[in-house]
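Q: After the structure tokens below, expect a handful of questions from me.
Coordinate-derived values only; no laboratory data. Since the model is a prediction, treat every value here as computed from it, not as a measurement. Please note: Cβ atoms are built from the backbone with ideal geometry, for glycine as well, and neighbour counts cover all protein chains shown.
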Amino acid sequence: FCRQYSIDLVLVHQQSAVVPLIFSKPFIKAGSFYVRHNSDEDYITNPFKAALLNKFINRFVRNIIAPSDIVYRYMVDKEKVPASRIQRINYGYNFDQYEKANLKNEKKIREEHACSFLILSIARLVHVKRHKIMFAAVKSLLEKGLDVKMICLGTGKDEAELQQWVKESALEANILFKGRRQEIFDYLVASDVLFHLSATEASNSVVKETGWVERTAVVCENVGDFSDYIIHGENGFLVNKENPLAESVEVLQLLYHDRALLKSAGKGLHDKVVKEFDINNLSKKYDALINAVK
């Protein structure tokens with residue numbers, strides 16, 4: 001394929017695609033980069049695969065892109081990859097090409113899930129995303145008399161288990177599963193806050209998209225690159241990674257009552273995301289990266 005279409009540069013984004021790249025590299029002229037999209041998630045979900053596959057990839061791939069400091073540090077400190085082989089650069093987003101929210105649909109979503117405070121989760125329904133902790137936070141808010149609902153977008157192998165948990169907790173009217181949806185920005189704009197307690201990330205895109213529409217997020221500190229661009233209480237909210245429940249309830253309760261803070265944090269996250277991740281602000285770095293490998 002590379003020879004047929006005169007490809008100059010190959011960017012590989014999945015571990016399964018790196019293996020054929022390694023074996024074909026001696027036979028192609030194209031330069032190549034492997035973009036590492038996870039830090040320690042594989043070691044949590046499938047440690048044997050992670051140890052074997054990552055060790056093989058790290059041994060033979062010469063050019064690696066780390067999209068966040070935490071990925072860079074994990075590879076250097078834990079996997080002992082030479083720092084000289086890793087390029088640290090943020091993901092670049094062309095926000096000008098993103099779709100706009102459909103305000104009619106946004107209004108419909110808000111009316112369909114009428115409440116004083118609408119919480120949104122966009123994540124795979126798997127253990128590392130820690131939905132049960134988020135559900136427990138919603139339950140606590142309801143017990144405090146707050147009028148809240150939570151929408152969950154996404155699917156995953158734990159979906160049936162999570163739905164059963166919600167049913168047994170009598171929270172079916174307040175925690176709603178919507179599966180995979182196309183109209184993501186309609187839901188983001190319709191919601192008051194994004195709630196995301198994932199235990200591991202590389203550089204989460206949904207939180208940046210949340211900032212793009214001037215909404216804010218509650219996330220865990222020292223996960224992915226959240227702590228690199230989120231300033232607690234100013235443009236977002238960072239809670240303890242190991243024990244996030246109590247702090248999450250406290251933050252959400254604060255935002256429920258302080259709409260001015262909610263609005264200012266959303267504006268602040270928008271400005272920070274544009275500064276750090278808009279492709280227009282990163283293009284020179286990407287040009288340098290590409291030119292260096294040719």
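Q: Can you give the longest stretch of the chain with no exposed loop site, where a site means GluC sites (Glu not before Pro) in a DSSP loop (not H, G, I, E or B) with at most 13 other C-beta atoms within 10 Å?
A: Working: sites that count: Glu99, Glu172, Glu242.
Here the longest run is 1-98.
Q: At 0.36 nm per residue, minus the direct Cα-Cα distance, what do Asp96 and Ser16 gain on full extension? Give it in nm, one decimal, please.
A: Working: separation 80, 0.36 × 80 = 28.80 nm, distance 3.11 nm.
Length gained, Asp96 through Ser16: 25.7 nm.
Q: Mind giving me the FRET efficiency for Phe60 and Glu143? R0 is 41 Å, r the Cβ-Cβ distance, nearest 0.05 is fine. Write down the numbers at each step before the final one.
A: Details: r = 54 Å, r/R0 = 1.31.
The formula returns an efficiency of 0.15 here.
Q: What spacing in nm lies between the two simple spin-label points modelled at Glu79 and Leu52, each 7 Å away from Cα in the Cβ direction?
A: 1.7
Q: Using only DSSP helix segments of four residues or longer, with each worth -39500 (n - 2.57), what per-residue ellipticity at 222 nm results for the chain after dividing by its residue count and rounding to 500? Present the calculation step by step, with values, prior to reporting the outcome.
A: Details: 13 runs with 133 residues, N = 294.
Result for the chain, helices only: -13500 deg cm²/dmol.
Q: Under 20 Å from a point 7 Å along the Cα-to-Cβ line of Ser169: which residues of region 98-126 have their amide N that close?
A: Output list for this probe position: 113-126.
Q: Here's a follow-up. If every alpha-carbon in region 194-248 counts as one equal scatterer, what log10 I(q)/I(0) does Debye give at q = 0.27 1/Å?
A: Rounded to two decimals, the profile gives -1.15.
Q: If you wrap a convex hull around the C-alpha atoms of region 140-232 and split its volume per residue, what is the figure in Å³?
A: 125
Q: How many angstrom separate the Cα center of region 231-245 from the Cα center of region 252-275?
A: If you average the Cα positions of each part, the centres end up 13 Å apart.
Q: From the phi of every residue in region 33-40, what ³J(HN,Hα) in whole Hz does the Karplus formula 6.51 cos²θ - 1.76 cosθ + 1.60 yield, where θ is phi - 60° and glycine or proline is x?
A: 9, 9, 9, 7, 9, 8, 9, 10
Q: Can you list residues whose amide H is under 5 Å from Val81's amide H, if they're 5+ apart or on another chain and H is modeled 1.01 Å from N?
A: Val76
Q: Taking only the alpha carbons of the chain, what extent do you get along each of the three principal axes, in Å, biggest first?
A: For the chain, the Cα spread along each principal axis is 64, 40, 33 Å.
Q: Let me have the relative contact order for the chain, percent, based on Cα pairs under 8 Å that are six or more residues apart.
A: Relative contact order for the chain comes out at 18 percent.
Q: Just name one of Leu21, Ala137, Asn240: the one whose Cα is farthest towards the positive end of the charge dipole of the chain (beta-carbon charges, Lys/Arg +1, Asp/Glu -1).
A: Result: Leu21, furthest along the dipole toward the positive end.
Q: Still on this model: Give a residue-ordered list of calculated ³J(HN,Hα) values for region 79-94 (Karplus: 6.51 cos²θ - 1.76 cosθ + 1.60, θ = phi - 60°; whole Hz; x for Gly, Pro).
A: Ordered by residue, 3J(HN,Hα) equals 9, 6, 7, x, 4, 5, 9, 10, 9, 9, 8, 5, 4, x, 10, 8 Hz.
Q: A further question on this structure: Using modelled amide H (1.01 Å from N, peptide plane; none on Pro or chain starts), what sits under 5 Å from the amide H of Asp225, excluding residues fewer than 5 places away?
A: Placed amide hydrogens put Asn204 under 5 Å from Asp225.
Q: With r as the distance between the Cβ atoms of Asn291 and Glu221 and R0 = 30 Å, compute the FRET efficiency 1/(1 + (r/R0)^6) and round to 0.05. Please list the in-between numbers first.
A: Numbers: r = 36 Å, r/R0 = 1.19.
Taking R0 as 30 Å, the efficiency between Glu221 and Asn291 is 0.25.
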